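Quick notes on the structure that follows.
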2 protein chains.
Amino acid sequence: MASTGSGFWSFGSEDGSGDPENPSTARAWCQVAQKFTGGIGNKLCALLYGDAEKPMETSNEKETQGSTDKKTVCTCNQKPCSCLKMDLNYACLHSTDLLPACNGEEATLSFLQDVMDILLQYVVKSFDRSTKVIDFHYPNELLQEHNWELADQPQTLEEILSNCRTTLKYAIKTGHPRYFNQLSTGLDMVGLAADWLTSTANTNMFTYEIAPVFVLLEYVTLRKMREIIGWPGGSGDGIFSPGGAISNMYAMLIARFKMFPEVKEKGMAAIPRLVAFTSEHSHFSVKKGAAALGVGTDSVILIKCDERGKMIPSDLERRIVEVKQKGFVPFFVSATAGTTVYGAFDPLLAIADICKKYKIWMHVDAAWGGGLLMSRKHKWKLNGVERANSVTWNPHKMMGVPLQCSALLVREEGLMQSCNQMHASYLFQQDKHYDLSYDTGDKALQCGRHVDVFKLWLMWRAKGTTGFEAQIDKCLELAEYLYNLIKNREGYEMVFDGKPQHTNVCFWYIPPSLRHLEDKEERMSRLLKVAPVIKARMMEYGTTMVSYQPLGDKVNFFRMVISNPAATHQDIDFLIEEIERLGQDL
Amino acid sequence: MASTGSGFWSFGSEDGSGDPENPSTARAWCQVAQKFTGGIGNKLCALLYGDAEKPMETSNEKETQGSTDKKTVCTCNQKPCSCLKMDLNYACLHSTDLLPACNGEEATLSFLQDVMDILLQYVVKSFDRSTKVIDFHYPNELLQEHNWELADQPQTLEEILSNCRTTLKYAIKTGHPRYFNQLSTGLDMVGLAADWLTSTANTNMFTYEIAPVFVLLEYVTLRKMREIIGWPGGSGDGIFSPGGAISNMYAMLIARFKMFPEVKEKGMAAIPRLVAFTSEHSHFSVKKGAAALGVGTDSVILIKCDERGKMIPSDLERRIVEVKQKGFVPFFVSATAGTTVYGAFDPLLAIADICKKYKIWMHVDAAWGGGLLMSRKHKWKLNGVERANSVTWNPHKMMGVPLQCSALLVREEGLMQSCNQMHASYLFQQDKHYDLSYDTGDKALQCGRHVDVFKLWLMWRAKGTTGFEAQIDKCLELAEYLYNLIKNREGYEMVFDGKPQHTNVCFWYIPPSLRHLEDKEERMSRLLKVAPVIKARMMEYGTTMVSYQPLGDKVNFFRMVISNPAATHQDIDFLIEEIERLGQDL
């Protein structure tokens, strides 16, 4: 076995790193190693990792050789040495050799540590500006270049490690300082550690019985978020849900129940026709929720926005009155704090007044903008949020918490429970020996619910509120820097005037050939192709990623957003240079 | 700094392990260590870990000392030695010292490796029968014993590591061979590795652009699951959703849309009154979904079950006819393959005939039972599933995939997309440079969607279909072993007769004092308290955990389920002995 390769000690490994200076040093190493117990080796391995950086970078291509994951035989004594476990050959091991297998502990720890090696390399590379954001391949290429199929027979652990490397090779480095593509970017080290812990604890949120700490942390964290929203003493209710769309759907569901509790049993047939309101710049999930809940998308009225993308309150009131005149029931207004494209904040105070006047549930979709509540400098943009009946706030966006982490906060306590509970006796036994108020599962739409709170909680402990504030302020400062950089720069046009309120900066890049084109129609028809081509080239070069889209009568423009604390002024400069490099010939 | 403790090299660490034999050995170690680069140290550390097992066990209490996470100074040369990074003192470091901080790489790797140490210790302990399943504390105790609050100021990395230890100290060891409390138990090593990788990749499922590999793996995996269900060539559609309840809600949503596509725009007001059917033993999520979708829980008719918990088809047909006579529209039948309490399989073939006859969407909730499709021995229990229009199948239950992993499979392709799409141009640009059919986000109810597929895919690669089969067959064999052990044992009564079809074994333990009690009413009123008391004692001792509940007119009984491949015959024996030990005085 050893003579064909793949010993446990791989002194010349597939990632190109790690040849010892000579076999006798390795032999000395082995001898010393055997005298130690405990966690020292782990410290050492982290230390050695620091040194491994250079070879990792240069072996970019070699790392992911599909299933040809060869390990070199231990050469520390030219033949099998006396190291413990030197015969641990992944090419001959399978998952059945890992725990809970009898004597599976060594193989398990070794395997998991090797996985961790791969992950740590990826983490380090994610922050390295000399690496690509993406190694782009077309879907069919990617399907054909590797065998991804699921078979009857098991693969070896060597192949499994290779699968991990291959998967990461083609993954987007979402933590890369030049990845600006989504509202969720960045890779927080404490958040990552917390997510690994969450996976290891592998439990479910429905009862205190099976998730004691996590249930309490959800309680503590939601209360803190409600305090920050401005509800007295942090009172109210809430839940971590699988994303902002579901949080918004929860809000609509609860609003309907509050007005017509009989809908739970009798359905929509028993109640008047309901109408919801949101701005034309709002997130599509409001309509998606309305479709799902049986309200219907036609009953979601899109309120006009001003040129900055903010809902116009007078239009909201006009439409509410219209709807009432038709005999329908306005039940739900979803204001947006931080729209997806423009980053606009609806005027919450004015909207709150209207909701109060007409007795309509006020929801604030602050999935994207909620993070600004952590900043003393920027929180005024959400003035009035404390008057909402419910708020969606996604820490996985502006606060940089790993995906997924979305909270729905509800001002009235108990409503979620009444709305959603089904009293399943097999899950929520009423005669348990502890305080049942911590069994929160019955207020959820879900039965099992993933533990999303721990990464937010641990990051909050690690940063403090002030740490989140600093990171958010920095991102907003970078957005202003970008705005100032391009607002008067040749070849750029802003999609809307004025400084960005959030980190969204929307602009067209006008290639030289279009700059003096007089025919407006031709200009438009050529301009709409510019952003998609630049984006495609960005992805093929893999240097950076930024989103584009059309909106209303505005043809494709770039929407820059900054939520990654790793980004710097130089990265903003780079983006602009890259757009110009890739777009100047268009 | 070094003189007050907490050097990077901790030769006497808080977990009680790791003193080297003498300082000169340590010095030799340091000298050798400096000559190596690359991943060798990681191999070594895994190796050393194996040796660390004993001290870890004995230091059970010492590990979690709240925030008193002291590290001992490096003693390898009686004063600071020449090791790299020896001055890395977590008590003085914060998250801002980690990447992306300038020069944050060493601290990051060291910190993440230390987190990994904590997790690996937890993993090893999870499988150790001499450790507790749970270190139970009442909610108020747990809230008071530690400070869990979120503050303005940051904590040190030392405190963060301590937070991690404390969290795991009170966590349930859901992978423990004696944890039988839920349908999801066990901790699969490859699944865990895959979940760590998923966290590290930290992306979102909506487009190929930002999750190229994961989107393809979802495609491959869902197709394979549909093949196994028996749909020709694996054709059809599907999605991984955040749990079985949401999968079931998807099914109802799509069924409604298929029959009345106008409901999407017009809402429930525009269509006739709909009625859904499911058995009285079905999961409560069917009702929860009906409440959310505006169908109403009164419009979910619960069909009678036989004494084994299987839906009675003749009752289904009778109720369908009744509903039609009232002028309502039967639109959805949710059959259950593996009920939550009894583990019963509804007769799918007979139900399929009825659905066909009355043109009703047939859904199979195989969240719990779907895993049996992987077993040649047991898959007959789902005969007829291939005739369903949709199937919920949760690999996070019987297949032991880490939470969350739930699939909804739909026979008709394209329906999910038509039902849910909202054409948000800012997310699903139509002029991108690759095949857009891989942008699956618009068929989801969610916008962002967590990557749930990778752990299932990697486990499948590692085990092969045959590996899943072996693990599932073993759990079913254990359930039969339990059944045979107690069916004629003194002090036990089965809740229903006959061998279990799934791994659910439902029984009462009758303490000696009740065994000869003639007054049936008194017996019942005392029996209903037995299971809760035994369960409370189990949790306080922390030795094992099993669920109990009442059902209909049956007072509290134990529902044993086995989904953890780590469980053995001895663990079943232990459970029974423990029930008797804890319940004999009642």
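Can you say what percent of the DSSP beta bridges in the protein assembly as shown, counting only those with both residues inside, are antiparallel? Round to 5.
Beta bridges within the protein assembly as shown, antiparallel portion: roughly 50 percent.
Whole percent per 5 Å bin, from 0 to the bin with the longest distance: what is P(r) over all C-alpha pairs of region B:453-516?
In whole percents, the pair-distance histogram is 4, 16, 19, 14, 12, 10, 8, 8, 5, 3, 1.
A:Glu518 to A:Glu322: extension gain in nm, 0.36 nm per residue of separation minus the Cα-Cα distance?
Here the segment from A:Glu518 to A:Glu322 would lengthen by 66.2 nm.
Applying 1/(1 + (r/R0)^6) with R0 = 35 Å to the Cβ-Cβ distance of A:Glu280 and B:Ser235, what FRET efficiency is obtained, to the nearest 0.05?
0.35
Classify chain B: rounded, prolate or oblate, from the alpha-carbon gyration tensor (a ≥ b ≥ c, eigenvalue square roots; a/c under 1.5 rounded; otherwise prolate if a/b is larger than b/c)?
oblate
Provide Rg and Dmax in Å for region A:104-183, with only Cα atoms included in the calculation.
15.1, 43
Quick one: if you take sqrt(5λ) for each eigenvalue of the C-alpha gyration tensor of region A:533-584, what semi-axes come out, biggest first, whole angstrom?
After diagonalising the Cα gyration tensor, the semi-axes are 19, 15, 10 Å.
Hey, got the average number of other protein chain Cβ atoms within 10 angstrom for residues in B:146-153?
Taking the mean over all residues of the peptide, I get 6.
Please determine, in degrees from 0 to 90 and to the nearest 10, the orientation of helix A:105-126 with respect to the longest principal axis defined by the Cα atoms of chain A, where the helix direction is its Cα long axis.
Between helix and principal axis, roughly 60 degrees.
Give me the distance in nm between label points sitting 7 Å out from Cα along the Cα-to-Cβ direction at A:Gln430 and A:Arg308, one decimal.
With each label point 7 Å from Cα toward Cβ, the separation is 5.3 nm.
Provide Rg and Dmax in Å for region B:97-243, with only Cα atoms included in the calculation.
Values for region B:97-243 (Cα only, Rg and Dmax): 20.2, 59 Å.
Report the calculated FRET efficiency for A:Ser437 and A:Arg376 (r = Cβ-Cβ distance, R0 = 30 Å), to the nearest 0.05.
According to the calculation, E is roughly 0.35.
When the scattering of the protein assembly as shown is computed by the Debye formula from its Cα atoms alone, each counted once and equally, what is log10 I(q)/I(0) at q = 0.04, 0.08, 0.09 Å⁻¹?
-0.21, -0.87, -1.11
Out of all DSSP beta bridges with both ends in chain A, state the antiparallel percent to the nearest 5.
Here the share of antiparallel DSSP bridges comes out near 50 percent.
Students often get this wrong: which residues of region A:559-582 have the backbone nitrogen under 14 Å from the point 7 angstrom along Cα-to-C-beta of A:Arg129?
From region A:559-582, the list is A:566-578.
Give B:Lys125/B:Lys463; B:Lys499/B:Lys520; B:Lys397/B:Lys463; B:Lys310/B:Lys529; A:Lys266/B:Lys554 a once-over and call out the pairs whose C-alpha atoms are over 25 Å from each other.
Listed pairs above 25 Å: B:Lys499/B:Lys520; B:Lys310/B:Lys529; A:Lys266/B:Lys554.
Compute, for region B:221-368, the length of the dipole vector about the Cα centre, with Cβ point charges of +1 (Lys, Arg) and -1 (Asp, Glu) only. Units Debye, rounded to 20.
It comes to approximately 320 debye.
Roughly how tilted is helix A:453-486, in degrees to the nearest 10 and between 0 and 90, from the longest Cα axis of chain A?
70 degrees
Modelled label-to-label distance, B:Glu145 and B:Gln570, 7 Å Cα→beta-carbon offset: nm?
In this crude spin-label approximation the distance works out to 2.9 nm.
Tell me whether region A:275-431 comes out rounded, prolate or oblate; compute the Cα gyration tensor, take square roots of the eigenvalues as a ≥ b ≥ c, and use a/c under 1.5 as the rounded threshold.
Judged from the Cα gyration tensor, region A:275-431 comes out oblate (a/c at least 1.5, b/c at or above a/b).
Given charges of +1 on the Cβ of Lys and Arg and -1 on the Cβ of Asp and Glu, with all other atoms neutral, how large is the dipole of the protein assembly as shown about its Cα centre, in debye to the nearest 20?
Details: 126 positive and 138 negative charges, 566 e Å.
Once rounded to the nearest 20, the dipole reads 2720 debye.
First select every other residue whose beta carbon is under 14 angstrom from the beta carbon of A:His396; then total the charges, Lys and Arg +1, Asp and Glu -1.
Net local charge, A:His396 excluded: 0.
In cubic angstrom, how much convex hull volume per residue do the alpha carbon atoms of region B:367-406 span?
Spelled out: Cα convex hull of region B:367-406, divided by residues, is 54 Å³.
Assign unit charges at the C-beta atoms only (+1 for Lys and Arg, -1 for Asp and Glu), then state the dipole size of region A:219-291 relative to its Cα centre in Debye, rounded to the nearest 20.
The dipole of region A:219-291 has a size of about 80 debye.
Averaging the inverse of every distinct alpha carbon separation and then flipping it gives the Kirkwood radius. What is it for region A:440-586, in angstrom units?
Kirkwood radius, region A:440-586: 17.6 Å.
Find, among the residues of chain B, the one whose Cβ sits nearest the axis of the rotation taking B to A; state the distance in whole Å.
In residue-and-Å form, the answer is B:Gly294, 1.
Just subtract the alpha-carbon distance of B:Lys474 and B:Asp553 from 0.36 nm times their residue separation and send over the number in nm, one decimal.
Extra length from B:Lys474 to B:Asp553 when fully extended: 25.2 nm.
Counting residues in region B:318-368 as N, plug N into 2.2 N^0.38 Å and put the Cα Rg over that result.
So region B:318-368 has a normalised radius of gyration of 1.23.
What nm value, rounded to one decimal, do you get for the distance between A:Glu493 and A:Glu413 when each label is placed 7 Å out toward the C-beta?
5.5 nm
Need one word for region B:88-131: rounded, prolate or oblate. Basis is the Cα gyration tensor (sqrt eigenvalues a ≥ b ≥ c); a/c below 1.5 gives rounded, then a/b vs b/c decides.
Prolate shape, in that a/c is at least 1.5 and a/b is the bigger ratio.
No lab work stands behind these numbers, since they all come straight from the coordinates. Remember, it's a predicted structure, so these values are computed and weren't measured experimentally. FYI the Cβ positions are ideal-geometry reconstructions off the backbone, even for glycines, and counts take in every protein chain you see.
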